[in-house]
1. Can you tell me which residue within the stretch 26-49, out of those that are part of a helix (DSSP H, G or I) and surrounded by 13 or more Cβ atoms within 10 Å (Cβ to Cβ), is farthest from the chain's Cα centre (by Cα)?
2. Could you list all residues from the stretch 138-164 that are out of contact with any Asp or Glu (no Cβ under 9 Å at 6 or more places or on another chain) and open to solvent by 20 Å² or more (accessible area, probe 1.4 Å)?
3. Looking at (1) open to solvent by 60 Å² or more (accessible area, probe 1.4 Å); (2) touching a helix residue (DSSP H, G or I) at 6+ places or on another chain (Cβ under 9 Å); (3) part of a helix (DSSP H, G or I), which is the one condition that is false for D53?
4. Could you grab me the full set of residues in the stretch 72-94 that are among the hydrophobic types (A, V, I, L, M, F, W, C), open to solvent by less than 10 Å² (accessible area, probe 1.4 Å) and assigned to a helix (DSSP H, G or I)?
5. Under 9 Å by Cβ, and 6 or more places apart or on different chains, what pairs join a residue from the stretch 102-126 that is touching a residue at least 12 places away in the same chain (Cβ under 8 Å) and within 18 Å of A10 (Cα to Cα) with one that is basic (K, R) and surrounded by 15 or more Cβ atoms within 10 Å (Cβ to Cβ)?
6. From L141, L165, L120, L102, grab the single residue that is within 22 Å of E46 (Cβ to Cβ) and outside any strand (DSSP E or B).
Amino acid sequence: MAQILLFHHARGLTEGLCAFADRLRAGGHTVYTPDTYGGRVFDNDEDGVRHADTIGHDAVAHVGMRAARKHPGADVVIGFSLGAMQAQLVAQHRRGIRGCVLMGGAMPPEHLGGPWPAHLPLQTHVADPDDWCTTDDIDALRRGAPHAEVFTYPHRGHLFVDPTLRDYDADAADVFEERVSEFLARIDAGQAEPARVTL
């Protein structure tokens, strides 16, 4: 089973994300949830983003890499929105990572200091449209990781997976979790699968 680093979105480490981590644990995985905000949770995206800006990009990135050092056995990273940058950074720079899931965030690999590791499994989930993670952002990531699985969720809000937020959509969140569970099962089995793109 996987040892997972799960990085929270701009609102903070919400009860909704903690519940998702608990469901992954119930499936047999070990899940670590580093808290970039030290326990603070915000009521809207704008306040959360402002707080992240106050902390600074470098400090946010440092939290991700520090978490990877603290949990050297971690082999899968999952990041939501703001946390997608942290997950992607760890995936690109830490040996031993077997898979990466990004939800609501993506960056060109070169913006994080290097190429995407060849053949490292990547699964990306994004609302469509999404002002916080645009088609251009996804396309830039896919140029560096052409094997990535990309799933889009039409007419959903940015953070549709978190039941504690207004964006939440239960049906889409269930599909997201099913896809992540299947991805983790393939990683555990050491199986490769051709990239699938849902438009």
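1. Looking at residues that are part of a helix (DSSP H, G or I) and surrounded by 13 or more Cβ atoms within 10 Å (Cβ to Cβ), I get D47.
2. D139, R142, R143, P146, H147
3. (2)
4. Scanning the stretch 72-94 gives A84, A87, V90, A91.
5. Hits for this filter: A106/R142; T124/R142; H125/R179.
6. The match here is L165.
The values are calculated or read from the model by the stated rules, or taken from the named source; none is laboratory data. Being a predicted model, the structure only gives us computed values, none of them experimental. Don't worry about glycine lacking a Cβ; one is built from the backbone with ideal geometry, like all the others, and counts go over all protein chains shown. Accessible surface areas use protein heavy atoms only, side chains included; no ligands, DNA or RNA. Shrake-Rupley method; radii C 1.70, N 1.55, O 1.52, S 1.80 Å.
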